[in-house]
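**Q** Dropping the structure in here first, questions after.
The values are calculated or read from the model by the stated rules, or taken from the named source; none is laboratory data. Bear in mind the structure is a predicted one, so any value in this text is a computation, not a measurement. Cβ: placed from backbone, ideal geometry, glycine included. Neighbour counts: every protein chain shown. Each accessible area value is taken on the protein alone, full model and side chains, heavy atoms only, with ligands, DNA and RNA left out. Shrake-Rupley method; radii C 1.70, N 1.55, O 1.52, S 1.80 Å.
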Amino acid sequence: QVQLVESGGGLVQAGGSLRLSCAASTRTFSSYSMGWFRQAPGKERDFVGHISWYGERTYYADSVKGRFTISRDNAKNSVYLQMNRLKPEDTAVYYCPARNYENPTSWEYDYWGQGTQVTVSS
């Protein structure tokens, strides 16, 4: 079991940047691959990106590729989402789920945090 707490959300103008953080409460953080998802009001939760156990592989949704970057620091039990050139359509609650296996053909996760709100004004 791992508990996840997202932070760093807020209100930003279009074109601006935000860095989200996700802290995991586990002694074996490096055994979890991590994702980022987002859910806008009235819409389904969408995949944003994924990072492998040691950060050697990352994957991104086309909608954020080139603007968002996922990284992790296993010594700090944390994963990050750097968001640049934000757009109003990036407005959503952002989640960082975890799973204790690696499978680049699937974006299903076992553990979820409560999310953090990101609002991008035009």
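**Q** Cβ-Cβ under 6 Å, sequence separation 6+ or interchain: first residue in the range 1-17 and of a type in the set (S, T, N, Q), partner in a loop (DSSP other than H, G, I, E, B) and open to solvent by less than 60 Å² (accessible area, probe 1.4 Å). Which pairs?
**A** Within 6 Å, the pairs are SER17/ASN84.
**Q** Further question on the same structure: Taking the criterion of being touching a strand residue (DSSP E or B) at 6+ places or on another chain (Cβ under 9 Å) and modelled with pLDDT under 95, would at least one residue in the range 68-84 satisfy it?
**A** No, the range 68-84 contains no residue that is touching a strand residue (DSSP E or B) at 6+ places or on another chain (Cβ under 9 Å) and modelled with pLDDT under 95.
**Q** What residue, among those in the range 50-66 that are under 11 Å from MET34 (Cβ atoms) and among the β-branched types (Val, Ile, Thr), is most open to solvent (accessible area, probe 1.4 Å)?
**A** Here the answer is THR58.
**Q** Considering only the range 1-18, state which residues are small (Gly, Ala, Ser) and more than 17 Å from the chain's Cα centre (by Cα).
**A** ALA14, GLY15, GLY16
**Q** Which of the residues spanning the range 104-120 are touching a residue at least 60 places away in the same chain (Cβ under 8 Å) and of a type in the set (S, T, N, Q)?
**A** Hits for the range 104-120 are GLN114, THR116, GLN117, THR119.
**Q** On the basis of being assigned to a strand (DSSP E or B), under 15 Å from GLY115 (Cα atoms) and of a type in the set (Val, Ile, Thr), does VAL12 make the cut?
**A** Details: assigned to a strand (DSSP E or B): yes; under 15 Å from GLY115 (Cα atoms): no; of a type in the set (Val, Ile, Thr): yes.
No, not satisfied.
**Q** Then there is this: Using the structure shown, decide if SER21 is at negative phi, part of a strand (DSSP E or B), hydroxyl-bearing (Ser, Thr, Tyr) and surrounded by fewer than 21 Cβ atoms within 10 Å (Cβ to Cβ).
**A** Judged against the criteria, SER21 is a match.
**Q** Does ASN103 satisfy being of a type in the set (S, T, N, Q) and buried (at least 18 other Cβ atoms within 10 Å of the Cβ)?
**A** no
**Q** Next question, about the same structure. So, in the range 28-49, of the ones that are touching a Ser or Thr at 6+ places or on another chain (Cβ under 8 Å) and touching a residue at least 60 places away in the same chain (Cβ under 8 Å), which residue ends up surrounded by the fewest Cβ atoms within 10 Å (Cβ to Cβ)?
**A** Only one residue tops the list, namely SER33.
**Q** Here is a list of conditions, (1) without any contact (Cβ under 8 Å) to a residue 40 or more places away in the chain; (2) open to solvent by 40 Å² or more (accessible area, probe 1.4 Å), and ASN84 meets all of them except one; can you say which number that is?
**A** Of the numbered conditions (1) without any contact (Cβ under 8 Å) to a residue 40 or more places away in the chain; (2) open to solvent by 40 Å² or more (accessible area, probe 1.4 Å), the odd one out for ASN84 is (1).
**Q** Go through the range 7-27 and give me each residue that's in contact with a Ser or Thr (Cβ under 7 Å, 6 or more places away or on another chain), hydrophobic (A, V, I, L, M, F, W, C) and either modelled with pLDDT under 95 or more than 10 Å from VAL79 (Cβ to Cβ) (or both).
**A** LEU11, ALA14 - these are the residues of the range 7-27 that are in contact with a Ser or Thr (Cβ under 7 Å, 6 or more places away or on another chain), hydrophobic (A, V, I, L, M, F, W, C) and either modelled with pLDDT under 95 or more than 10 Å from VAL79 (Cβ to Cβ) (or both).
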